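Encoded as structure tokens, the structure appears first; notes follow it.
The values are calculated or read from the model by the stated rules, or taken from the named source; none is laboratory data. As the structure is a prediction and not an experimental result, all values here were calculated from the model. Methodologically, a virtual Cβ is constructed for each residue, glycine included, from the backbone with ideal geometry; neighbour enumeration extends over all protein chains shown.
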Amino acid sequence: MDLPDLNVWLALIDQNHVHHAVAERYWEGSADAQLGFTRVSMLGLLRLSTQPRVLSRPLSNTEAWNIYRQLSAAPQVTFLPEPATLETTFATLTTTTALPNRLWTDAYLAAFALTSGARLVSFDADFTRFPGLNFFPLGNPSVS
């Protein structure tokens with residue numbers, strides 16, 4: 001199971017996104033047979049896809065919902081409920097190291113991947129800081 005970061009979902013839906021081609025190659029060739037949305041990635045997609053400066057054209061709320069529904073209707077995509085031990089792992093990741101406040105959501109996604117046995121997929125190299133995480137960096141990852 002792959003757990004794509006929000007930056008992967010956004011790159012997939014915007015043909016003008018700087019990472020669209022890489023995200024599309026991942027989707028068509030490197031992705032696991034199953035991909036998962038978490039509540040955080042779903043909310044992030046809805047929120048950020050409607051914001052100016054994130055996509056080449058911000059979506060309306062209805063368009064954002066339609067895109068999410070199209071993605072989640074794909075046979076390889078599923079919505080993942082939170083694993084029972086997620087909170088404990090999340091707390092550990094956020095308290096055992098000096099975690100910058102901008103990485104709380106990354107820590108949540110890393111904890112989700114760790115507790116569900118998923119591979120986290122992202123353009124963001126910050127995920128390398130989480131020990132034991134099965135991380136698949138796309139393209140030339142950068143710290144965001």
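Residues of the range 41-55 that are surrounded by fewer than 19 Cβ atoms within 10 Å (Cβ to Cβ) and without any contact (Cβ under 8 Å) to a residue 40 or more places away in the chain: 42, 43, 46, 47, 50, 51, 52, 53. Scanning the range 24-40 for residues that are in contact (Cβ under 8 Å) with a residue 60 or more places away in the chain, closer than 15 Å to residue 123 by Cα and either charged (D, E, K, R) or touching a strand residue (DSSP E or B) at 6+ places or on another chain (Cβ under 7 Å) (or both) yields 26, 31.
Taking the options 102, 47, 39, 53, name whichever one is modelled with pLDDT of 95 or more, out of contact with any Gly (no Cβ under 7 Å at 6 or more places or on another chain), more than 21 Å from residue 117 (Cβ to Cβ) and not small (Gly, Ala, Ser).
Numbers: 102 fails: modelled with pLDDT of 95 or more; 39 fails: more than 21 Å from residue 117 (Cβ to Cβ); 53 fails: modelled with pLDDT of 95 or more.
Going through 102, 47, 39, 53 in turn, just one is modelled with pLDDT of 95 or more, out of contact with any Gly (no Cβ under 7 Å at 6 or more places or on another chain), more than 21 Å from residue 117 (Cβ to Cβ) and not small (Gly, Ala, Ser): 47.
Taking the conditions (1) among the aromatic types (Phe, Trp, Tyr); (2) touching a residue at least 40 places away in the same chain (Cβ under 8 Å); (3) in contact with a helix residue (DSSP H, G or I) (Cβ under 6 Å, 6 or more places away or on another chain) in turn, residue 136 satisfies each one other than (3).
When the range 56-84 is filtered for residues that are surrounded by 13 or more Cβ atoms within 10 Å (Cβ to Cβ), part of a loop (DSSP other than H, G, I, E, B) and more than 16 Å from the chain's Cα centre (by Cα), the ones remaining, listed by number, are 58, 59, 83. Restricting the range 116-133 to residues that are touching a residue at least 40 places away in the same chain (Cβ under 8 Å) and not small (Gly, Ala, Ser), the residue that is surrounded by the fewest Cβ atoms within 10 Å (Cβ to Cβ) is 119.
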